[in-house]
Amino acid sequence: MFKKVLPLSSILFLRFLGLFLVLPVLSVYALSLKGATPLLVGVIVGGYALTQAAFQIPFGSMSDRIGRKPTLFIGLVIFMIGSFIAGYADNIYTLMLGRFLQGAGAIGSVVVAMISDLVEEKTRGHAMAIMGGFIAMSFAVAMVAGPVLGGMYGVGNLFYITAGLSLLAMILLFTKVPTPPKIVHIYNKKAKISEILKDKNLFNMVIVDSMQKGLMTMAFVLIPVFLTHANYHFDWAKTELWKVYVPAMVLGIVAMGPAAVFGEKYNKPKTIFLIAIVLFILSFAIMGLTNSSLVFVIGVIFFFIAFNMMEPLVQSMISKFAKVHQKGTALGIANTSAYLSTFVGAMIAGIMMGMADRSTIGISVAVVAFIWLLWMFFRFENPTKHEFLFVPLSEVDMDKLKNLEHEHIAEWYINDTEKLAVVKYVSEKLTEDEIEAKIIK
């Protein structure tokens with residue numbers, strides 16, 4: 001499984017590394033360009049997410065028609081062109097065009113679909129967790145490398161580095177990524193968006209993904225501006241930003257592993273999510289209220305720990321809560337909502353910078369995160385732990401299978417490519433022998 005997921009996760013790593021590389025310094029850089037305003041700076045930071053949201057579904061549909069690999073290639077080319085334009089930009093509007101084009105190469109849902117093609121259902125949750133871990137690692141590397149490279153070579157040149165990362169991803173695509181088999185799932189109904197949004201836990205995961213990404217871009221509009229502009233008290237040099245990002249990311253990476261293990265292995269994602277939200281609340285409250293550089297850095301550390309605790313679990317939890325015929329649709333909804341929130345979060349941060357002082361901004365965001373904490377505490381539930389039984393179709397009585405119903409059987413479906421009947425069940429309540437007795441000829 002890991003060999004199948006590693007190349008695709010590496011492509012996502014390179015692409016997100018390119019996107020995240022500029023985040024720690026982008027708002028300060030954008031403010032220095034001709035035509036810049038706080039609102040437009042917010043649009044610049046989150047603009048890629050707006051086009052990501054718009055093109056998630058079109059790229060997913062394209063991959064169904066022309067194949068996953070060609071679609072991934074097209075997305076990476078668009079991303080590379082956008083990176084070159086952003087690197088060349090000498091005014092806010094050209095930079096905005098480049099950022100919008102970067103986002104238009106919306107390959108996230110295609111990668112998820114390809115992983116689903118390559119990895120069997122039993123291990124797909126782990127595959128999604130690996131993918132989420134690679135995205136989190138790209139975030140970690142970018143937070144350290146971005147300020148250092150930007151300080152050494154200029155922020156504009158970071159976009160050219162991003163274009164190079166995209167080219168490297170294309171090479172991986174055609175040399176390391178296997179061609180997926182055609183897998184057909186036979187299910188008794190099509191996925192409906194309304195059904196997914198009515199499912200309490202799937203809807204909660206959409207909220208989790210959206211809030212996490214929205215707070216991320218708010219932080220990356222606010223943190224560098226708070227630290228480098230004299231009217232926010234600290235007046236750091238841009239080249240000093242690594243002093244806050246490096247310790248924050250090191251501790252974030254340290255926290256990511258135990259959080260993923262506790263959330264996945266011990267099936268306690270609710271605990272992880274609640275702890276992370278508390279850290280988000282403390283983070284923004286501290287960044288808004290303190291006049292101490294050391295305490296501000298502690299606030300940033302809390303933010304990065306919270307983000308990295310959540311990131312590996314989000315996609316995996318969506319995959320666990322969704323039924324087999326809902327996975328693609330559920331992930332598409334969550335990704336679209338998350339990218340919209342990414343854009344909106346950055347835009348709101350830009351508006352708030354133009355209207356309010358640092359303390360008002362910090363406390364306002366902390367209050368919103370507190371409401372999110374209450375929502376999750378009362379509405380979110382840990383997923384039921386399921387196992388999968390795989391039975392060759394040659395041994396299955398199809399009439400019995402079609403009539404298979406049991407309170408502890410979540411669903412069944414047929415993998416037509418591998419000629420298997422797959423039954424998802426609660427292992428604490430049923431045994432394989434009991435299920436086989438219900439469906440074997």
| Any chance segment 313-330 includes a residue that's in contact with a Gly (Cβ under 7 Å, 6 or more places away or on another chain) and modelled with pLDDT of 90 or more? | no
| message | Considering only residues that are surrounded by fewer than 16 Cβ atoms within 10 Å (Cβ to Cβ) and farther than 16 Å from L165 by Cα, which ones fall in segment 68-93? | response | P70, Y88, D90, N91, Y93
| request: Scan segment 362-392 residue by residue and report those that are open to solvent by less than 30 Å² (accessible area, probe 1.4 Å) and closer than 17 Å to G42 by Cβ. | output: G362, V365
| request: Answer yes or no: is there a residue in segment 368-388 that is over 27 Å from L274 (Cα atoms), acidic (D, E) and in contact with a Lys or Arg (Cβ under 9 Å, 6 or more places away or on another chain). | output: no
| request: Those residues that are assigned to a loop (DSSP other than H, G, I, E, B) and touching a residue at least 12 places away in the same chain (Cβ under 8 Å), I need them from segment 419-437; list them, please. | output: K419, V426, S427, E428, K429, L430
| Checking S63 against (1) within 21 Å of the chain's Cα centre (by Cα); (2) farther than 24 Å from L227 by Cα; (3) open to solvent by 10 Å² or more (accessible area, probe 1.4 Å), which single condition isn't satisfied? | (3)
| note | Within segment 393-417, residues surrounded by 14 or more Cβ atoms within 10 Å (Cβ to Cβ) and free of Cβ contacts under 8 Å to residues at least 40 places away in the same chain come out as L393, L401, L404, H406, H408, I409, W412
| remark: Selection from segment 82-120 of residues under 23 Å from the mean Cα position of the chain (by Cα) and among the β-branched types (V, I, T) yields I107, V110, V111, V112, I115, V119
| field | Whichever residue in segment 262-271 is open to solvent by 10 Å² or more (accessible area, probe 1.4 Å) and in a helix (DSSP H, G or I) and, among such residues, is modelled with the lowest pLDDT | value | E264
| query | Would a scan of segment 362-382 turn up a residue that is within 30 Å of V423 (Cα to Cα), modelled with pLDDT under 95 and under 18 Å from the mean Cα position of the chain (by Cα)? | reply | no
| query | Mind checking which residues of segment 15-27 are assigned to a helix (DSSP H, G or I) and either surrounded by 21 or more Cβ atoms within 10 Å (Cβ to Cβ) or among the acidic types (D, E) (or both)? | reply | R15, L17, G18, L19, F20, L21, L23, P24, V25, L26, S27
| said: Can you report the number of residues in segment 86-103 which are assigned to a strand (DSSP E or B) and hydroxyl-bearing (S, T, Y)? | reply: 0
| field | Residue selected from segment 221-261 under the condition touching a Ser or Thr at 6+ places or on another chain (Cβ under 7 Å) and part of a helix (DSSP H, G or I), by the criterion most open to solvent (accessible area, probe 1.4 Å) | value | K238
| field | Of the criteria (1) crowded, with 18+ Cβ neighbours inside 10 Å; (2) in contact (Cβ under 8 Å) with a residue 40 or more places away in the chain, which one T290 fails | value | (2)
| said: So, S359, is that one open to solvent by 30 Å² or more (accessible area, probe 1.4 Å) and of a type outside the set (D, E) or not? | reply: yes
| message | I'd like to verify a number: residues in segment 389-441 that are touching a Lys or Arg at 6+ places or on another chain (Cβ under 6 Å) and under 30 Å from L274 (Cα atoms), how many? | response | 3
| query | Does K3 satisfy the criteria of being modelled with pLDDT of 90 or more and open to solvent by 20 Å² or more (accessible area, probe 1.4 Å)? | reply | no
| task | Take segment 149-173 and flag every residue that is part of a helix (DSSP H, G or I), at pLDDT below 90 and surrounded by fewer than 17 Cβ atoms within 10 Å (Cβ to Cβ). | result | G151, M152, Y153
| If a residue has to be of a type in the set (A, V, I, L, M) and closer than 17 Å to F307 by Cβ to count, how many in segment 146-166 make the cut? | 0
| request: Please work out if A285 is surrounded by fewer than 24 Cβ atoms within 10 Å (Cβ to Cβ), within 22 Å of E264 (Cα to Cα) and touching a residue at least 60 places away in the same chain (Cβ under 8 Å). | output: no
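The values are calculated or read from the model by the stated rules, or taken from the named source; none is laboratory data. Predicted model, so just to flag it, every value in this text is computed and none were measured. Neighbour counts are summed over all protein chains in view; Cβ atoms, including those assigned to glycine, are modelled from backbone coordinates with ideal geometry. Surface accessibility is based on the protein's heavy atoms, side chains included, excluding ligands, DNA and RNA. Shrake-Rupley method; radii C 1.70, N 1.55, O 1.52, S 1.80 Å.
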